[in-house]
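Report on one structure; see the data block that follows.
The values are calculated or read from the model by the stated rules, or taken from the named source; none is laboratory data. A quick note: this is a predicted structure, and the numbers were derived from the prediction, not measured. As a convention, Cβ positions derive from the backbone with ideal geometry for all residues, glycine included, and neighbour counts pool all protein chains shown.
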Amino acid sequence: MRADMSYTTIGVLAVVAAVVADLLLFRTKLVTRKVFWVSYAIIVFFQLITNGLFTGFQIVKYSGDAIIGSTSPVETAPPFIGDGRIAFAPAEDLLFGFSLVLLSLSLWVFWGRRGIDRTPMSGPPIWRKDSAGKQAGQFD
Amino acid sequence: MQVSQFSYVAVLAFVIVGSIWLEVVLRTRVLVRPRRLTLTIIPVLAPFLLWDAYAISQGHWWFDESRILGLYLPGDIPVDELLFFIVIPFASVLTIEAVRSVKGWTVGDES
């Protein structure tokens with residue numbers, strides 16, 4: 001049995017920790033909000049591109065001992081899909097990315113609730129002719 | 001120093017270019033809230049840099065030295081990685097504020 005924790009194990013623990021932080025520690029409850037999941041959907045799309053660049057261009061490589069898939073090849077790019085890879089990157093990167101994004105956004109909302117730079121709030125987009133001073137929260 | 005050593009930071013530049021326009025077009029107003037942004041990023045750095053240092057020490061992942069800047073933090077963490085853990089939270093905040101700007105959905109900090 002391995003004494004150290006694999007990327008897979010740490011990734012799962014990180015997701016659990018981030019969700020606990022969001023729900024219980026910071027009480028931001030982002031995982032219950034539509035705005036978070038739509039934002040995450042956008043972010044994960046770009047994460048796949050960015051991770052694809054990092055791994056496809058072999059800037060970063062992974063050990064088969066730590067991930068579901070095999071060790072990154074020495075000379076060439078890993079598989080685009082398959083062998084535990086998604087867009088060249090280990091599937092574990094999705095756990096890593098989710099926990100990083102959720103923790104970041106939970107902290108952002110936490111500080112806003114505490115009154116730290118709560119305003120000016122975002123919006124409206126420049127193409128909307130809303131009168132000055134209007135804030136987000138009214139377009140539902 | 002070789003041009004190829006900017007490969008990693010070039011990817012980060014792609015992330016910034018791909019998200020910073022939201023500040024202007026969707027009026028996300030993140031850059032005018034630097035205190036909140038700083039307080040968001042600093043606590044993220046601690047656990048993720050520790051994770052990074054552990055993963056590097058255990059050989060979970062490693063970097064092509066010809067494609068990173070060549071400067072290191074304690075724990076053999078490339079400076080490029082520190083920049084990553086600043087850029088990604090920043091781009092994430094821009095994204096959620098962009099979605100709020102367009103959709104007006106409740107984020108949880110409205111009052």
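Quick check, is B:R36 touching a helix residue (DSSP H, G or I) at 6+ places or on another chain (Cβ under 8 Å) and on the phi > 0 side of the Ramachandran plot?
So B:R36 does not fit the description; no.
Any idea which of (1) in a helix (DSSP H, G or I); (2) surrounded by fewer than 18 Cβ atoms within 10 Å (Cβ to Cβ) is the one A:P79 doesn't satisfy?
(1)
Just wondering, is there one or more residues in the range A:72-89 that are in contact with a helix residue (DSSP H, G or I) (Cβ under 9 Å, 6 or more places away or on another chain), within 29 Å of A:A21 (Cα to Cα), touching a residue at least 60 places away in the same chain (Cβ under 8 Å) and within 12 Å of chain B (Cβ to nearest Cβ)?
Within the range A:72-89, not a single residue is in contact with a helix residue (DSSP H, G or I) (Cβ under 9 Å, 6 or more places away or on another chain), within 29 Å of A:A21 (Cα to Cα), touching a residue at least 60 places away in the same chain (Cβ under 8 Å) and within 12 Å of chain B (Cβ to nearest Cβ).
Given the structure, is B:I77 more than 7 Å from chain A (Cβ to nearest Cβ), crowded, with 17+ Cβ neighbours inside 10 Å and without any contact (Cβ under 8 Å) to a residue 24 or more places away in the chain?
In short, no.
Can you find a residue in the range B:89-98 that is at the interface with chain A (Cβ under 7 Å from one of its Cβ atoms), without any contact (Cβ under 8 Å) to a residue 24 or more places away in the chain and under 15 Å from the mean Cα position of the chain (by Cα)?
Scanning the range B:89-98 turns up at least one residue that is at the interface with chain A (Cβ under 7 Å from one of its Cβ atoms), without any contact (Cβ under 8 Å) to a residue 24 or more places away in the chain and under 15 Å from the mean Cα position of the chain (by Cα).
Which condition number in (1) at pLDDT 95 or above; (2) farther than 24 Å from B:W51 by Cα is the one that A:T76 fails?
(1)
Residues in the range B:11-42 that are free of Cβ contacts under 8 Å to residues at least 60 places away in the same chain and over 13 Å from the mean Cα position of the chain (by Cα): how many? Spell out how you get there, then give the answer.
Residues of the range B:11-42 that are free of Cβ contacts under 8 Å to residues at least 60 places away in the same chain, as a first pass: B:11, B:13-14, B:17, B:21, B:24-25, B:31-42.
Still in the list and also over 13 Å from the mean Cα position of the chain (by Cα): B:21, B:24-25, B:31-36, B:39.
Residues meeting the conditions: 10.
When the residues of the range A:44-59 are filtered to those that are within 9 Å of chain B (Cβ to nearest Cβ) and free of Cβ contacts under 8 Å to residues at least 12 places away in the same chain, which remaining residue is farthest from A:V109 (Cα to Cα)?
A:I59
Looking only at residues in the range B:1-55 that are over 16 Å from B:P89 (Cβ atoms) and outside any helix (DSSP H, G or I), which one is modelled with the lowest pLDDT?
Here the residue is B:M1.
Being at positive phi and modelled with pLDDT under 95 narrows it down to one of A:G69, A:G137, so name that one.
Matching residue, one of A:G69, A:G137: A:G137.
Filter the range A:26-43 for residues that are surrounded by 14 or more Cβ atoms within 10 Å (Cβ to Cβ) and more than 9 Å from chain B (Cβ to nearest Cβ) and give the result.
Scanning the range A:26-43 gives A:F26, A:V31.
Looking for something within 22 Å of A:S63 (Cα to Cα), part of a helix (DSSP H, G or I) and in contact with a helix residue (DSSP H, G or I) (Cβ under 8 Å, 6 or more places away or on another chain) - is there at least one such residue anywhere in the range B:91-103? Let's see the steps before the verdict.
Filtering the range B:91-103 for residues within 22 Å of A:S63 (Cα to Cα) gives none.
Within the range B:91-103, none of the residues are within 22 Å of A:S63 (Cα to Cα), part of a helix (DSSP H, G or I) and in contact with a helix residue (DSSP H, G or I) (Cβ under 8 Å, 6 or more places away or on another chain).
So, in the range A:1-14, of the ones that are within 15 Å of the chain's Cα centre (by Cα) and surrounded by fewer than 16 Cβ atoms within 10 Å (Cβ to Cβ), which residue ends up farthest from A:K61 (Cα to Cα)?
A:L13
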